[in-house]
Amino acid sequence: MGLRMDNVGIVVEDLDRAIEFFEALGMELEGTALIDGDWAARVVGLDQQVVDIAMMRIPTGDGRVELARYRSPAAVRTLPYGAPANTLGYRRIMFEVDDIDAMVQRLCALGGELAGEIARYADVYRLCYLHGPEGIVIGLAQPLR
């Protein structure tokens, strides 16, 4: 049996802004769709749903992020915005980048904010966490090769 991670799903209120953020990270918009109907609601455990999705893909691999904006039912926030790194549940998606300083500058120009600072992990990586739109947290890792 083969195993492959297909995508990570993130619910957002401003789909266009989230797409712009992930495009600035270097991901490509694979496509958009409107998802509704009984089958979709049964999959996620809702009575009904109408959702706009955008599938973002990494151009060099299989990794994808599915961005979803719920038309109905309305999205619900369970974690406080900017929750600390030790909060239970989803915390971040880590991306490897060639130039962490340039990427941080690009993402901060779109409203991203460093959670802490860019730090060095031994002679392996330069790393940081960054808060994007709507509480999305990503990690950036630049290999020190």
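The values are calculated or read from the model by the stated rules, or taken from the named source; none is laboratory data. Because the structure is predicted, anything quoted here is derived from the model rather than measured. Glycine also receives a Cβ, built like all others from the backbone with ideal geometry; neighbour counts cover every protein chain displayed.
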May I ask you to verify whether VAL8 is loosely packed, with under 15 Cβ neighbours inside 10 Å, over 25 Å from ALA141 (Cα atoms) and aliphatic (A, V, I, L, M)? no
Number of the exception - TYR90 against (1) under 14 Å from VAL11 (Cα atoms); (2) touching a helix residue (DSSP H, G or I) at 6+ places or on another chain (Cβ under 9 Å): (2)
Could you tell me whether segment 114-122 includes any residue that is touching an Asp or Glu at 6+ places or on another chain (Cβ under 8 Å), free of Cβ contacts under 8 Å to residues at least 40 places away in the same chain and at negative phi? yes
In the set GLU13, GLU66, the lone residue that is loosely packed, with under 14 Cβ neighbours inside 10 Å and among the acidic types (Asp, Glu) is GLU13
Please count how many residues of segment 105-136 are hydrophobic (A, V, I, L, M, F, W, C) and within 16 Å of MET27 (Cβ to Cβ). 4
Members of segment 69-84 found to be hydrophobic (A, V, I, L, M, F, W, C) and either exposed (fewer than 11 other Cβ atoms within 10 Å of the Cβ) or out of contact with any Gly (no Cβ under 9 Å at 6 or more places or on another chain) (or both), listed by number: ALA74, ALA75, VAL76
Any residue that is surrounded by 11 or more Cβ atoms within 10 Å (Cβ to Cβ), out of contact with any strand residue (DSSP E or B) (no Cβ under 9 Å at 6 or more places or on another chain), within 16 Å of GLU13 (Cα to Cα) and at pLDDT below 85 - is there at least one of those in segment 31-47? no
Of residues in segment 48-63 being closer than 20 Å to ARG92 by Cβ and touching a residue at least 12 places away in the same chain (Cβ under 8 Å), the one surrounded by the most Cβ atoms within 10 Å (Cβ to Cβ): MET56
Kindly indicate whether any position in segment 36-52 is over 12 Å from the mean Cα position of the chain (by Cα) and closer than 21 Å to PRO133 by Cα. yes
